[in-house]
1. For residues that are acidic (D, E) and free of Cβ contacts under 8 Å to residues at least 40 places away in the same chain, tally how many sit in segment 1-56.
2. Can you list residue pairs whose Cβ atoms sit under 7 Å apart, with the first residue in segment 112-123 being in contact (Cβ under 8 Å) with a residue 40 or more places away in the chain and closer than 15 Å to T38 by Cα and the second being hydroxyl-bearing (S, T, Y) and not in a strand (DSSP E or B)? Count only pairs 6 or more apart in sequence or on different chains.
3. Can you tell me which residue is surrounded by the most Cβ atoms within 10 Å (Cβ to Cβ) among those in segment 42-51 that are aliphatic (A, V, I, L, M) and outside any loop (DSSP other than H, G, I, E, B)?
4. Wholly within segment 86-159, which strands (runs of 3 or more DSSP E) include no fewer than the required count, namely at least 2 residues that are modelled with pLDDT of 90 or more and farther than 15 Å from L22 by Cα?
5. Among the residues of segment 27-41, are any modelled with pLDDT under 95, assigned to a strand (DSSP E or B) and not acidic (D, E)?
Amino acid sequence: MALTLPSSFNNHSNKRNWLFQLHYDNESNFTGVAFYDTVVESIQYYGSVLNKPSIRESIDLTNSTSKTSNVSLSLANFKYLGDDFSAEIFGGTRDYINRVVKVYIQPEDVTGISDCLLIYTGKLSKVSHDIGRVKLSINAQRPWDGVEIPQVKTDKNNYYPIAYGNFTPNSAAVADPPLSNDDFRNRKTLYPIPVEERRGDTLFALTGTASS
């Protein structure tokens, strides 16, 4: 994914912390861990991460495919809310499995999350632990995960088009009779649609399918 560095990265110092937001339940809250203790927007991130995860992304232009790596995280089994962290994340009252995990880079101990760089989003898929360590397996999460492309065809074996994004209805209308200097195309935001059938001077085109 394309990354835009916040201005906080203009300082060329090499001090960089990694922040890991482990979301739970309805994902409106999270527990923070990091390479070392830090506070960002009044939220404590516990310096318990023992490894430096590898995050890789590859793009195959020939086949028009891309791939983002999964992440393995090793944490010290630190004390959290009066107990081992393993008791919190494995069998505790909050659900972390299949919840979002976000990874940020924090430069120069900045205290605003907007000054940090979001480099990865995934979902926690597996947790294991022993006395001293907690291991987390995080699967990459992409915007199109779980999205199915409708394959609706007409009787003539043509696919109905699909339009993505938010649309604002345009109230402009064609004058009747049309004005000589009126170009309807300049007042509408359009996308190409396939022609299903032509009968004389009349074209029958396929409009986009509706979906959630």
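1. Residues meeting the conditions: 1.
2. D115/S8
3. V49
4. 100-107, 117-129
5. no
The values are calculated or read from the model by the stated rules, or taken from the named source; none is laboratory data. Computed from a predicted model, the values in this text were never measured in an experiment. Ideal geometry is used to build each Cβ from the backbone, glycine not excepted, and the neighbour counts take in all protein chains shown.
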